[in-house]
Amino acid sequence: MLFKLSFKNMQKSIKDYAIYFLTLVLGVAIFYMFNSLDSQQAMLQVSQSQKEIIKLMISMLGMISVFVAIILGLLIVYANNFLINRRKKEFGIYMTLGMGKRQISKIILLETIFVGIISLAVGLIIGIFASQFMSIIVAKMFEANMNEYKFVFSKDACIKTCIYFGVMYIAVMFFNTMTVSRYKLINLLNAVKKNEEIKMRNPIISILVFFISASILGYAYWKVTADIRSMDKAFKLLPPILMGIGGTLGIFWSLSGFILRIVQIMKNIYLKGTNMFVLRQINNKINTTVISMSVICLMLFMTITILSSSLALRNTLERGLVEMTPVDINLYKTANLPESYINRFGNKVTYSKEQQEDSRITVQETLVNNGLDMKVLKDVIEIPIYATNELTLEKFFGDQIENVKKLYAMMDYSTPEEIIKISDYNKIAKLYGIEQYELNDDEYIVICNFDNIASIRSQVLSIDGNKLTIAGKEYKSKYNECKNGFIEISSNHTNIGIILVPDSCDLTDESKEKSFLVANYNANTDKEREKIEEIFSSDNSELLKRLSDKGLNITGISKISIMEASVGLATIVTFIAIYLGIIFLIASAAILALKQLTESSDNKQRYDILRKIGCDERMINRALFRQIGIFFGLPLILAIIHSIFGIQFVLEMLSGLADKKDLLPSIIVAVIVMGIIYGAYFLATYFGSKNIIKEECQ
C-alpha cells in the first residue's frame, strides 16, 4: 500500500514540480559531463605538454566537483523542504486517518528513492550523450586532431556521479525524516491558513537600514576599484568581501519595507489595479526569505563575474597570441660574463673560462659550435641588447618612482633599462610587421606595451621630454608619450619598456647585456615545425645536452610552447568558469522557482478572493507575472550592480592578461547564457504558478 501511494505521489509531484526534477537531471548531467574528461582526452591527438595541461584541468575539475556536489546537495535539501511544506495538509489528512509518523516517513523515503533513481538515470543518459559534444569542444580549444573520435562512456565519472548523488539523497532522506517527526497534527491541518511571521514592519527602520547598507556597499565598491592598490595582500580583501555580504543582507532585510513605504506615498500607483496585492505579496515574501535572497544574489553575482572575466581572459589570450607571436622562436644569452660576482642573495657565482668566452660570441656561433645546422632556421636576425648602471628603472621614473612602487611593489627598480639601437630594432620590427621608428642623433624613444607601465612612463615623458644621459651623452625624448612596441614573443603584452637610441650612440661591447636572436622554422607543415621544435625543447635534444654538459645557457621561448601554455590556461579557466557559473545559475534560479511555486500553492485562496471581488483571469495573471518578475528581478539587479565593480576588480588583478576591450563580447555571451537559463526558469515558474492558482477554481 505504501509503495503504491508513494508511486502515485511521485507522479503527482512530477506534474506539479517539474522544475525540481529538471534541476536534479541537469545537475546530474553537468556533473557527469565535467568529470568524464579523463576518458575523453584519450581519443584526442595532442602533444605531451597539452596532455599534461588536460590532466591538470581534470584534477582541478575533480576538486571543484566536491564544492559543486555540496552546492547541489544543499539545493536538493532546500527544494525538499519546500516540497514537504507544500504537502503539510496532505500529511495531516494521513495522520487523521490513523497513519503514524513512521509510515509517513516511509512514504517520503520511497518517494525520494523513486525521484533519485529517475533523475539519476535520466541525468546520466543526457550527460553521456552531451559529453560527446564536450569532447569536440575540448578538441577545438586545444586544436587537437580528432581522427580517432569515437563514442566514449566514462565508467569512473558514472560511479563518481552515482556516489556523490547517492550521498546527497541519503542526506535528504535523513532530513525529511527529521522534519516529519517534528510535525504536529493541528499545525499540519492549519498550514494553508497560517501566514508566515513578518519579522520587521517598521518603515522608518527599513529606510534607515537600507541607506546604511547601501553606504556599506558603496564603500566596499570603492575599496575594490579606486583603492585597489591598497589591498596588496590577500587578507586585505576580507573586509570588502564581508562588507559586500553584510550590505547585501541589509538591503534585502530592509527592501520590502522600503519599497512598500515609497510606493504607498504614490497613491496613484499603489491603488491602481492589483498593485496593492502584488506589493503586499512581495513584502511578505522578501521578509521571510532574506537569507535565501541574499545567497541567490551573491551566487548570481559570482556567475556574472566569473563568466564575463574568464571569457574576457580567453579572448585576450587568443587575440594576443596572434599579435604577440609573429615568429617561431626567440633565443638569447647573457653577454660578457665576469669571472665571478655576488648575486642579490649575497652568494658568490663563478663562471668557467669556457662560459666567459662563449658569452662574448653570438647566439648563432654558439649554436653552430655545438652542432646545430642553421638551415633548420630562416629569417634569422640577431641583435645586441645594452644596459648601463647609469640608467636604471628607478632613475628613469624619477619623482614618479614612489607611485610606481605602490603599483608594483615586487619589481626590482635597480635593474638597468634595456637599450637597443634604432636600426637593430627596426630589423626585428620589419620581420614582426609592426611599426618602425626614426631618430635624430639627440633623441630617444621608449617602447612599451604593458598598459599600466606605459601610462606611467608617458607621464614621465610628458615632463619637458625627460632628458636622459646614455653613454656620456644627453638625449631628449622624441615623443611626450610611450610608443607601442616589443621584441620578445609572449602570450600577452609584457614589455615594460625598452629605450631606443640612435645608431650613433657610443655603446661599447662592455655594455652589452645579452645577444638576442629571432627566427622562423624552415618548415612548411606542422609536423616539420614540431620536429624542429624538438631540437630546442625536447628532453632528448642532442643540442641541449651538449650545451648543458658545457654549462652554456641559451634561454629561449617558442611560438608553439606559448600557444600550448596559453591555450591550456585559457581552457582551464574557461571550463572551471562555465562549470561553476552554470551550477550557481541553476541553483539560484531553481531556489527562486521552487519558492515561488510553493508560495503560489499556499496562496491559492488569496487569488480566489481576487476572483470573488471582480478580478478577471487576465488581471490575476498580470499580477502573478509582475510578482514573479519582481521576485526574480530583485536579486538579479543587485547582482548586476555587484558585478560591475567585481569585474573591474578582477580585470585589474589580471592586468596584462585580460584586456577591457574584450569585456563587452564576454558580457554579451554571459548575458545570453543567463538569459536562456534564468529566463527559462522564470517562464516555467510563471506558467507553473498560473496552473496552480487555477486549481482552486476548477
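The values are calculated or read from the model by the stated rules, or taken from the named source; none is laboratory data. All values derive from a computational prediction rather than experimental measurement. In this analysis, Cβ positions are derived from the backbone assuming ideal geometry, glycine residues included, and neighbour counts consider all displayed protein chains. Areas reflect the complete protein model, heavy atoms only, side chains present, ligands, DNA and RNA absent. Shrake-Rupley method; radii C 1.70, N 1.55, O 1.52, S 1.80 Å.
Summary of computed values
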{"read-out": "Inter-residue pairs, beta-carbon under 9 Å, first open to solvent by less than 10 Å² (accessible area, probe 1.4 Å) and in segment 445-460, second among the basic types (K, R), 6+ apart", "value": "I445/K478; I445/K483; V446/R457; V446/K483; I447/K483; C448/R457; C448/K483"}
{"read-out": "Any chance L393 is of a type in the set (A, V, I, L, M), over 30 Å from P635 (Cα atoms) and open to solvent by 10 Å² or more (accessible area, probe 1.4 Å)", "value": "yes"}
{"read-out": "Per-region count, segment 589-626, residues open to solvent by 60 Å² or more (accessible area, probe 1.4 Å), of a type in the set (D, E, K, R) and in a helix (DSSP H, G or I)", "value": "6"}
{"read-out": "Wholly within segment 399-477, helices (runs of 4 or more DSSP H) carrying at least 2 residues that are more than 22 Å from P384 (Cα to Cα)", "value": "401-407, 451-461"}
{"read-out": "Selection count where residues are part of a loop (DSSP other than H, G, I, E, B) and under 28 Å from I641 (Cβ atoms), scope segment 288-336", "value": "2"}
{"read-out": "Qualifying residue in segment 468-477 (condition: crowded, with 18+ Cβ neighbours inside 10 Å and among the basic types (K, R))", "value": "no"}
{"read-out": "Matching residues in segment 670-683 - criterion: being more than 13 Å from the chain's Cα centre (by Cα) and either open to solvent by less than 60 Å² (accessible area, probe 1.4 Å) or at pLDDT below 80 (or both)", "value": "V673, M674, G675, I677, Y678, G679, A680, Y681, F682"}
{"read-out": "First in segment 418-436 and open to solvent by 10 Å² or more (accessible area, probe 1.4 Å), second anywhere and in a helix (DSSP H, G or I), Cβ under 7 Å, 6 or more apart", "value": "E435/A429; Q436/N426; Q436/A429; Q436/K430"}
{"read-out": "Single condition R546 does not satisfy, out of (1) open to solvent by 50 Å² or more (accessible area, probe 1.4 Å); (2) within 30 Å of L74 (Cβ to Cβ)", "value": "(2)"}
{"read-out": "Residues of segment 485-494 satisfying the condition of being open to solvent by 20 Å² or more (accessible area, probe 1.4 Å) and touching a strand residue (DSSP E or B) at 6+ places or on another chain (Cβ under 7 Å)", "value": "E488"}
{"read-out": "Segment 526-554: number of residues that are in contact (Cβ under 8 Å) with a residue 24 or more places away in the chain, not in a helix (DSSP H, G or I) and not charged (D, E, K, R)", "value": "4"}
{"read-out": "Evaluation of A639 against (1) open to solvent by 10 Å² or more (accessible area, probe 1.4 Å); (2) assigned to a helix (DSSP H, G or I); (3) at pLDDT 85 or above (one fails), failing number", "value": "(1)"}
{"read-out": "E534 buried (at least 19 other Cβ atoms within 10 Å of the Cβ) and acidic (D, E)", "value": "no"}
{"read-out": "Leading residue by the ranking (nearest to Y444 (Cα to Cα)) among those in segment 400-417 that are exposed (fewer than 12 other Cβ atoms within 10 Å of the Cβ) and at pLDDT 75 or above", "value": "S414"}
{"read-out": "From the options N492, N480, residue that is part of a loop (DSSP other than H, G, I, E, B) and within 33 Å of the chain's Cα centre (by Cα)", "value": "N492"}
{"read-out": "Unique match (being within 44 Å of the chain's Cα centre (by Cα), farther than 21 Å from Y425 by Cβ and surrounded by fewer than 18 Cβ atoms within 10 Å (Cβ to Cβ)) among I342, I381", "value": "I342"}
{"read-out": "Hits in segment 159-204 (condition: at pLDDT 80 or above and either surrounded by fewer than 17 Cβ atoms within 10 Å (Cβ to Cβ) or over 40 Å from the mean Cα position of the chain (by Cα) (or both))", "value": "I159, C162, I163, G166, V167"}
